[in-house]
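A single structure is presented below for examination.
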Amino acid sequence: MSSIYGLYERLLSEYGTQGWWPFLDTSYHKDDYSYPQNSKQLFEIYLGVVLTQNATFKSVVQSLENLKSLDALSPIKVLNLDEHILKEAIKPSKYYNQKALYLQNVAHFFMAQNGKTPSRADLLSIKGIGEESSDSILLYGYNEPQMIIDAYTKRIFTHFGFVGEGAKYRDLKGLIEAEFSKKLSGKDLVIAYQEFHALLVEHAKRFYSRKPYGCSIHAEFV
DNA sequence: AGCCAGGCTACCG
DNA sequence: CGGTAGCATGGC
């Protein structure tokens, strides 16, 4: 087995389903893909997406808990929060000056959206939301079939030889989506993208933090 | 004690 | 367009 889909199946058998996104809401259960179920959970994804940019999972949880203790997990409350307080709350997630602005931007956007599903272009127009953040919001927030490409995905795919060093975001996204959309559709496709992304992160945390890369799974695909 | 985290914007050529 | 400096904390 040497296909990209084969890697997905192999990682799934290795680590199992990850059932992923919301950081704070403990009502979220693995293998239940019906989330987010309300506006609060949806906005938490927007917050998490911004905070997680080049930051660790732990630090994002810390920041979200700080915001929660300030009762500032809703867009209007983020906007009403004193800027200094907001920055202090999200400090663990780095770049707090930039991210405070980004959080205000997504809060405005979220309210203007009024429940509608945004387009990818709309999301990209927000200062602070790039390609990965857009796809994360669409895939986990709105269950739209958009594969997320992050630094780990690129690292693993380059190491496996699926793409060259110079591959760009759209190259990786196109490659994966072309193969997956031939095999799956509808909700199954969304779930596969969610799980594949989460599995790549899990795998990368174990084996792709530091060179030399590689593990037994890589050897199976050479 | 360093190294490095699930990026993005602005600005360079 | 493609490439990269700057952002800037804290866990391991």
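Kindly put A:Glu83, A:Glu177 in sequence by how many other C-beta atoms sit within 10 Å of each C-beta, fewest to most.
Working: A:Glu83 11, A:Glu177 15.
Lowest to highest Cβ neighbour count: A:Glu83, A:Glu177.
Tell me what chain A gives for mean residue ellipticity at 222 nm when only DSSP H runs of n ≥ 4 count, each as -39,500 (n - 2.57), the sum divided by the residue total, rounded to 500 deg cm²/dmol.
Working: 12 runs with 134 residues, N = 222.
So the calculated ellipticity at 222 nm is -18500 deg cm²/dmol.
Further, regarding this structure: With the crude spin-label approximation of a point 7 Å out along Cα→Cβ, what separation in nm comes out for A:Glu165 versus A:Val222?
A separation of 2.0 nm, rounded to one decimal place.
Let me ask something additional. Along region A:55-65, what does the Karplus equation 6.51 cos²θ - 1.76 cosθ + 1.60 (θ = phi - 60°) give for ³J(HN,Hα), rounded to whole Hz, x for Gly and Pro?
Values per residue, Gly and Pro as x: 9, 8, 3, 4, 5, 5, 4, 4, 5, 5, 5 Hz.
Net charge near A:Arg206, counting Lys/Arg +1 and Asp/Glu -1 over other residues with Cβ under 13 Å of its Cβ? Present the calculation step by step, with values, prior to reporting the outcome.
Numbers: positive: A:Arg155, A:Lys205, A:Arg210; negative: A:Glu14, A:Glu202.
With Lys, Arg at +1 and Asp, Glu at -1, the net is +1.
Which order do the peptides A:128-136, A:204-212 take when ranked by the mean count of other beta-carbon atoms within 10 Å per residue, highest first? Don't jump to the answer; show the numbers that get you there.
Values: A:128-136: 20.3, A:204-212: 12.0.
The densest-packed peptide leads the list: A:128-136, A:204-212.
Just for the Cα atoms in region A:97-209, what are the lengths along the principal axes, largest first, rounded to whole Å?
42, 35, 24
Give the Rg/Rh ratio for chain A, taking Rg as the radius of gyration of the Cα atoms and Rh as the Kirkwood radius, to two decimals.
Over the Cα atoms of chain A, Rg/Rh equals 0.97.
Another one. What ³J(HN,Hα) values, in whole Hz, does the Karplus curve 6.51 cos²θ - 1.76 cosθ + 1.60 give for region A:134-146 when θ = phi - 60°, with x put for Gly and Pro?
Per residue, the Karplus-derived 3J(HN,Hα) values read 4, 5, 5, 5, 5, 6, 8, x, 10, 6, 8, x, 10 Hz.
I need the Kirkwood Rh of region A:39-142: take the reciprocal of the average 1/r across all distinct C-alpha pairs and report it in angstrom. Don't skip to the answer; put the middle values down first.
Working: mean 1/r = 0.0750 Å⁻¹.
The Cα-based Kirkwood calculation yields 13.3 Å.
Right, here's the next one. Modelling each spin label as a point 7 Å along the Cα-to-Cβ direction, I'd like the A:Ser181/A:Gln113 distance in nm, to one decimal.
2.1 nm
For region A:192-198, just list the computed ³J(HN,Hα) in residue order, Karplus coefficients 6.51, -1.76 and 1.60, θ = phi - 60°, integers in Hz, with x standing in for Gly and Pro.
3J(HN,Hα) across region A:192-198, in whole Hz: 5, 5, 4, 5, 4, 4, 5.
In degrees between 0 and 90, to the nearest 10, how far off the longest principal axis of chain A does helix A:39-51 point, with axes built from Cα atoms?
Its long axis makes an angle of about 70 degrees.
Round to the nearest 0.05 the FRET efficiency obtained for A:Arg210 and A:Ser13 when R0 = 30 Å and r is the Cβ-Cβ distance. Intermediate values should be presented prior to the final figure.
Values: r = 25 Å, r/R0 = 0.83.
Calculated transfer efficiency: 0.75.
Sum up the charges of everything whose Cβ sits under 14 Å from the Cβ of A:Glu165, counting Lys and Arg as +1 and Asp and Glu as -1, but leave A:Glu165 out. Spell out each step's value before the answer.
Numbers: positive: A:Lys154, A:Arg155, A:Lys168; negative: A:Asp171.
Local net charge: +2.
I'd like to compare A:89-97, A:23-31: which one has the highest average count of other Cβ atoms within 10 Å, and what's the full order after that? All intermediate terms of the calculation are to be shown ahead of the outcome.
On the way: A:89-97: 18.6, A:23-31: 12.7.
Averaged packing, sorted descending, gives the order A:89-97, A:23-31.
A short reminder: the numbers here are calculations on the coordinates, not readings from a lab. Remember, predicted model here, so these are calculated numbers, not experimental data. All Cβ positions, glycine included, derive from the backbone under ideal geometry; neighbour counts span all protein chains shown.
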